[in-house]
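Written below as structure tokens is the structure these notes are about.
Laboratory data are not the source of any read-out in this text; all were calculated from the coordinates shown. None of the values given here were measured: they were computed from a predicted structure. As a convention, Cβ positions derive from the backbone with ideal geometry for all residues, glycine included, and neighbour counts pool all protein chains shown.
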């Protein structure tokens, strides 16, 4: 069974379930899956081979290797010993299993909420810098996904969500786009993205962010969290991802994005945010590649007018089945990609 090819969805699941963000897992799969797609090959995989395969980010390589070791892959003596369970990790991955039905519609806001990890990462402050003279000289080299997450966070805040809420929403928004892109590239099977967005005819609350219907869960302290496969996503996920990828340029990039978001009204920014992102995102030829993003490019996208109220909306607009029944018309869906 060591030479049995692991199906791509299970390969991605292996990484994602062992703390590799789905966006990173999909990017890595695009580089290594063709060669390292069997248990025997995964046992050989290490950081050196990941570098040779084109995985340039050190943190990503360490996360992948750690995930593989956690799943039981690696050149260790223990891997050759039979385990106490009836099925090994390899057999779990290569043996077809019945798919459990996700029940995101049945989330009850009155049930005990999951533990919120926001306190574990401090005050979730990016220490953003908004001095335009300083920002005009700054730039960063990054791939598109963390930049999208950062931008989605600030757009959500402009719509009236608190920092913790906005980070959670941005994380799921980026995941939705990454999976859609993965489908278009053949990494996911066609239709894998179906059902991940909230339905306009269901009872699940959601927010329409840049054309995506992000499903929401209301916590016991009356805050919103976005849902991914029925699980509330903690704000620390996006916060750590943004800070880790932007590194020392985080305060400058966040500051520039903040000034851009504040140059539009809350209503305007949600309808124009995707087009603005397409204008300042890094220009790359392959998915997962890094490219330069200049803060001056972001700032120059602001309209010439001034005097727009920089305060966010008083309350975010949360869509429910009652509200969607009042407005049955649908906007044309956009073609998304990270």
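Residue 59 to residue 17: FRET efficiency via 1/(1 + (r/R0)^6), r the Cβ-Cβ distance, R0 25 Å, to the nearest 0.05?
So, using R0 = 25 Å, E works out to roughly 0.85.
When N counts the residues of the stretch 131-276, how does its alpha-carbon radius of gyration compare numerically with 2.2 N^0.38 Å, as a ratio?
Ratio of Rg to 2.2 N^0.38 Å for the stretch 131-276: 1.06.
Using a 7 Å offset from the Cα along the Cα-to-Cβ direction at both residue 203 and residue 222, what is the distance between the two label points in nm, to one decimal?
About 2.3 nm separates the two model spin labels.
Could I have the simple spin-label model distance between residue 292 and residue 3, label points 7 Å from Cα toward Cβ, reported in nm to one decimal?
Distance between the two pseudo-spin positions: 4.9 nm.
Calculated FRET efficiency, residue 66 and residue 37, Cβ-Cβ r, R0 22 Å, to nearest 0.05?
E(calc), rounded to 0.05, equals 0.65.
Quote to one decimal, in nm, the extra length available between residue 248 and residue 131 on full extension: 0.36 nm per residue of separation minus the C-alpha distance between them.
40.5 nm
Find how many whole Å separate the alpha carbon centroid of the stretch 204-234 from the alpha carbon centroid of the stretch 1-36.
Measuring centre to centre over Cα atoms gives 27 Å.
Tell me, 22, 210 in order of fewest to most beta-carbon neighbours within 10 Å?
Ascending number of Cβ neighbours within 10 Å: 22, 210.
Order by neighbour count: 279, 24, 208, 46, fewest other Cβ atoms within 10 Å first, most last.
Numbers: 279 11, 24 25, 208 19, 46 15.
Arranged by neighbour count, lowest to highest, 279, 24, 208, 46 become 279, 46, 208, 24.
Roughly how many nanometres apart are two label points built 7 Å out from the Cα toward the Cβ at residue 52 and residue 284?
Placing both labels 7 Å along Cα→Cβ, they lie 2.3 nm apart.
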